[in-house]
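Quick one: the structure is below, questions incoming.
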Amino acid sequence: MRKLLYKMPESLSGKEFTYCPGCHHGIVHRLVAEVIDELGIREKTLVVAPIGCSVFAYQFFNMDGTIAAHGRAPAVATGMKRARPDLYVFTYQGDGDLAAIGTAEIMHAANRGEKITTIFINNAIYGMTGGQMAPTTLLGMKTTTTPYGRDAQKDGYPMHMCEFLKEAKGVAYLARTKVTTPQDVEKTKKAIKKAFLAQIKGIGFGMVEVLSTCPTNWGMDPISAMKWLEEKMVPEYPLGIFVDKVGDEK
Amino acid sequence: MEKVMVKGTEAIGEAAIRAGCRHFFGYPITPQSELPEYMSKRLPEVGGVFLQTESEVATVNMLYGAACTGTRVMTSTSSPGFSLMMEGVSYMACAQLPAVFVNVVRGGPGLGDIQPAQGDYWQATKGGGHGDYKLIVLAPSTVQEAVDLTVLAFDLADKYRTPTLILADGLLGQMMEPVTFPEFRDLSTLPDHSSWAMTGAKDREPHIITSFDIDPYILEKMNLELVEKYKEIEKNEVRWEEFMTEDAEIVITAFGTVARIAKSVVEMARKDGIKVGLFRPITVWPYPYEPLKKLTEKVDLFFDVEMNMGQMLEDVKLAIGDKKPVAFYSRMGGVVPTPTEIYEALKKEIGRRV
């Protein structure tokens, strides 16, 4: 007898991803889909895609979806959730979307304790527009708009969204993870599940920041990119659980 | 129905609730803050949701989200606030999302002032945001009409799946008048949006709502769909009022608050034996070009009066062409013209042409 051990999650549409080789969006999409499957909420979940590389996320998830204006996904999700509190809403946003243009919306959605879930992909660069400086770009890091490297005096410092958001009383779950090893993938999946449970249980706002690679715009092969993430990004953006009001899973 | 004395902004809020709106997102700005205040008190009484937002940018995107679920939703703001909403309004027009906006227009440009003005006509009727789109724009001139048009705005927004705008001004918003409210809409009779709304993909294919396609040929199809819709709206929804135009030799064109003042001018002129009438667009988009053009057959002079630099004037001229002369009088910056000053300006214009 053959036994099925691994299959495409029902929450993925099966449409081929448009992401570059070595990009972590694909892994995180799959984790989100697996979590939604396991929670059995696909038919009641709405996805809000951002502007950025994951603008097409609404095509990859097998559920009702839309694209928010750049940075405004938490506001769009708020409108949905307030109109239909019986449904589950998540936003999927990159660092330009969430930590630059959409800073006000994420701060206020979190602080209101909006019962939505946010998946935040931090790859320290603008991918879709071709490798410009992101708010999360590391000091000294070269991008197409910091050709001499990010200079704190001129460009300011890398933005630490989890560290800002952890002070917001409305936050029910907040974690920063990575997906460079199988163990990290498992940890990220657990975190994503908790961020959804924060919503399902009606406790408050949940977010997982996933440190991710962008080999194309970092100018690296996928393996070097993973290494660079471990060596450079993790020290700047420490992993961990910043807020957990969800408690242990039953 | 019993008449009640009520302020313009609050009348619009109550009318929205009676039209079946249970969701309001808004940010304070003078001179319309009484509307969100009213909704914050009133909506919880009817099981609705009021949310004070962090900005007008957030507001419009919350409307986008609520509208995606097929829910009747509304906001109100004043000029600078509406400018901030323009990106989201453009998204909603393209994504074909119904919602009602109220712009209680104040003096501009820039920070301007908080007095009544009509300087947002172009923004309302000619675009405002980016790309090819139109809003249905309703311009009430009395508090009762603001009530009636608010109800209509929700019905039109739903019928055509398009954002609809009530273009009011600070005078109408702050004025108290006796009005009759409609009955409460039975919520079970609201239009069925289940064929497109985001309600959870249970036993059906996912519903996707976007203002986006990377393929220009598909986006062009979306554009053409909007064009067809706008043609349909132009065909069906043009509304206007004519006052004493039957025998008029001179017709004043005006909308909103100014049209109401112009009615007094018509009466003053008639007392002096001058045959003046008034043409008042109620929908400023779609604009009543044809009915206005028809008047050129018997009218000698058109006199456009506005509280801006001559914005609707362009539409008046489009309707009239070179068939008849069009004169113009305006006040700006939040200054409301008196009937006497408009009448004096009109008489001067007549004198010039004798």
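The values are calculated or read from the model by the stated rules, or taken from the named source; none is laboratory data. Note that the coordinates shown come from a computational prediction; the quantities given were computed from them, not determined experimentally. Ideal geometry is used to build each Cβ from the backbone, glycine not excepted, and the neighbour counts take in all protein chains shown. Side chains are part of the model used for accessible areas, which takes the heavy atoms of the whole protein and leaves out ligands, DNA and RNA. Shrake-Rupley method; radii C 1.70, N 1.55, O 1.52, S 1.80 Å.
What are the chymotrypsin sites (Phe, Trp or Tyr not before Pro) within segment B:173-244 that DSSP puts in a loop, where the Cβ has at most 13 other Cβ atoms within 10 Å?
Counting only loop positions with at most 13 other Cβ atoms within 10 Å, the chymotrypsin sites (Phe, Trp or Tyr not before Pro) in segment B:173-244 are B:Phe184.
Please turn the phi angles of segment B:169-176 into ³J(HN,Hα) values with the Karplus equation 6.51 cos²θ - 1.76 cosθ + 1.60 (θ = phi - 60°), one per residue in order, whole Hz, x for glycine and proline.
8, x, 5, 5, x, 9, 7, 9
If you don't mind, another one. Mind checking the alpha-carbon convex hull of chain A and giving the volume per residue in Å³?
Roughly 128 Å³ of hull volume per residue.
In debye, nearest 20, what is the charge dipole magnitude of segment A:25-244 about its Cα centre with +1 on Lys and Arg Cβ and -1 on Asp and Glu Cβ, if you could check?
For segment A:25-244, the charge dipole is close to 440 debye.
If I take the Cα coordinates of the protein assembly as shown and project them onto the principal axes, what are the three extents in Å, biggest first?
96, 55, 43
Would you work out which of B:Met92, B:Ala201, B:Pro116 lies farthest towards the positive end of the dipole of chain B, given +1 charges on the beta-carbon of Lys and Arg and -1 on that of Asp and Glu, about the Cα centre?
B:Pro116
In whole percent, what relative contact order does chain B give with Cα contacts below 8 Å and a gap of six or more residues?
18 percent.
In whole percent, what relative contact order does chain A give with Cα contacts below 8 Å and a gap of six or more residues?
19 percent
Under a 1.4 Å probe, what is the accessible area of chain B per residue, stated in Å²?
Ligands and nucleic acids excluded, the result is 40 Å² per residue.
Mind listing the long-range amide H neighbours of B:Arg239? Cut-off is under 5 Å, sequence gap 5 or more, other chains count too, H placed in the peptide plane at 1.01 Å from N.
B:Ile282, B:Thr283
Excluding the sites themselves, what is the longest stretch of chain A that contains no GluC sites (Glu not before Pro) in a DSSP loop with at most 10 other C-beta atoms within 10 Å?
Of all site-free stretches, the longest is A:17-248.
Can you give the charge dipole size of the protein assembly as shown about its Cα centre, rounded to the nearest 20 debye, using +1 on the beta carbon of Lys and Arg and -1 on the beta carbon of Asp and Glu?
920 debye
Of all beta bridges DSSP finds with both residues in the protein assembly as shown, what is the antiparallel percent, to the nearest 5?
25 percent
Then there is this: Taking the 0 to 90 degree range and rounding to the nearest ten, how far is the long axis of helix A:25-39 tilted relative to the main principal axis of chain A, both from C-alpha atoms?
Computed tilt is about 20 degrees.
Could you pull out the longest piece of chain B with no exposed loop GluC sites (Glu not before Pro) in it, calling a site exposed if DSSP puts it outside H, G, I, E, B and it has at most 10 other Cβ atoms within 10 Å?
B:3-182
Send over a whole-number figure in Å² for the accessible area per residue of segment A:97-155, probe 1.4 Å.
Result: 38 Å² of accessible area for each residue.
Still on this model: May I ask for the distance between the Cα centers of segment B:1-78 and segment A:4-72, given as a whole number of Å?
After rounding, the separation between the Cα centres reads 34 Å.
Using the Cα centre as the reference, give the magnitude of the dipole from point charges on the C-beta atoms of segment B:229-303 (Lys, Arg: +1; Asp, Glu: -1; all else neutral), rounded to the nearest 20 debye.
Computed charge dipole of segment B:229-303: roughly 220 debye.
Here is a further query. Collect residues whose amide H, placed 1.01 Å from N in the peptide plane, falls under 5 Å from the amide H of A:Leu46; neighbours closer than 5 in sequence don't count.
A:Tyr88, A:Val89, A:Phe90
What list of ³J(HN,Hα) values in whole Hz, one per residue of segment B:19-26 in order, does the Karplus curve 6.51 cos²θ - 1.76 cosθ + 1.60 (θ = phi - 60°) give from phi, with Gly and Pro shown as x?
These are the phi-based 3J(HN,Hα) values: 7, x, 7, 10, 10, 9, 10, x Hz.
Tell me which trypsin sites (Lys or Arg not before Pro) from segment B:107-165 have a DSSP coil assignment and no more than 16 other beta carbons within 10 Å of their own.
For trypsin sites (Lys or Arg not before Pro) across segment B:107-165 that sit outside H, G, I, E and B with at most 16 neighbouring Cβ atoms in 10 Å, the list reads B:Lys126.
Shifting gears a bit: Quick one: of the DSSP bridges fully inside segment B:3-236, what percent are antiparallel, nearest 5?
Bridges in segment B:3-236 are about 25 percent antiparallel.
Using only the alpha-carbon atoms, how far is helix B:216-236 inclined from the longest principal axis of chain B? Give it as 0 to 90 degrees, nearest 10.
The two axes meet at around 50 degrees.
Taking 37 °C and 0.692 mPa s as the conditions, I'd like the Stokes-Einstein D for segment B:113-246 in µm²/s, using the Kirkwood hydrodynamic radius from alpha carbon pairs.
Using the Kirkwood radius from Cα pairs, D works out to 182 µm²/s.
In chain A, what percentage of the DSSP-assigned beta bridges are antiparallel, given to the nearest 5?
25 percent
If you take the charge dipole of segment A:81-223 about its Cα centre, with +1 on Lys and Arg Cβ and -1 on Asp and Glu Cβ, which of A:Asn217, A:Met161, A:Ile200 is farthest toward its positive end?
The residue sitting farthest along the positive end of the dipole is A:Ile200.
Per residue of B:80-89, how many C-beta atoms from partner chains lie within 10 Å of its own C-beta, taken as a mean?
Rounded to a whole number, the mean comes out at 1.
Here is a further query. Give me, ordered by chain and number, the residues 5 or more places off B:Gly200 or on other chains with an amide H under 5 Å from its own placed amide H.
A:Asp64
Which residues of segment B:207-230 bury at least 30 Å² of accessible area once all protein chains are present, versus their chain alone (1.4 Å probe)?
B:Ile208, B:Thr210, B:Phe212
I would also like to ask the following. Tell me, what % of the accessible area of chain A is carbon and sulfur with a 1.4 angstrom probe?
Using a 1.4 Å probe with all protein chains present, chain A comes out at 56 percent carbon and sulfur.
For segment B:254-352, with the dipole built from +1 on Lys and Arg beta-carbon atoms and -1 on Asp and Glu ones, taken about the Cα centre, which of B:Leu278, B:Val336, B:Pro288 lies farthest toward the positive end?
B:Leu278
Taking both sides together, what accessible area is buried at the B/A interface, probe 1.4 Å, expressed in Å² and rounded to the nearest 100?
In total, this chain pair buries about 2600 Å².
So which aspartates and glutamates can B:Lys317 reach, going by Cα to Cα under 19 Å and dropping same-chain residues fewer than 8 places off?
Hits, sequence-local ones excluded: B:Asp120, B:Glu234, B:Glu241, B:Glu242, B:Glu249, B:Glu290, B:Glu297, B:Asp300, B:Asp304, B:Glu306, B:Glu349.
For segment B:1-105, give the percent of accessible area contributed by carbon and sulfur heavy atoms, probe 1.4 Å, rounded to a whole number.
Of the solvent-accessible surface of segment B:1-105, carbon and sulfur hold 51 percent.
Sticking with this one: When Cβ neighbours within 10 Å are restricted to other protein chains, what is their mean count per residue of peptide B:200-206?
Average per residue, whole number: 6.
Right, another one. Stokes-Einstein diffusion coefficient for chain B at 20 °C in a medium of 1.002 mPa s, Rh from the Kirkwood formula over Cα pairs: what value in µm²/s?
The diffusion coefficient I find is 103 µm²/s.
For segment A:70-119, which chymotrypsin sites (Phe, Trp or Tyr not before Pro) are in a loop by DSSP, counting at most 14 other Cβ atoms within 10 Å?
Qualifying residues, ordered by number: none.
Still on this structure, please answer the following. Straight distance only, please: which lysines reach the Cα of B:Lys41 with their own Cα at less than 17 Å, same-chain residues fewer than 8 apart left out?
Those lysines meeting the cut-off are B:Lys7.
Mind telling me which of A:Gly240, A:Gly79, A:Gly204 comes out most flexible in a GNM of chain A, alpha-carbon contacts under 10 Å?
Judging by the Gaussian network model, the answer is A:Gly79.
May I ask you to evaluate 6.51 cos²θ - 1.76 cosθ + 1.60, the Karplus curve with θ = phi - 60°, for each residue of segment B:282-287 and list the ³J(HN,Hα) values in order in whole Hz, giving x for glycine and proline?
The phi angles translate into 9, 9, 8, 9, x, 7 Hz.
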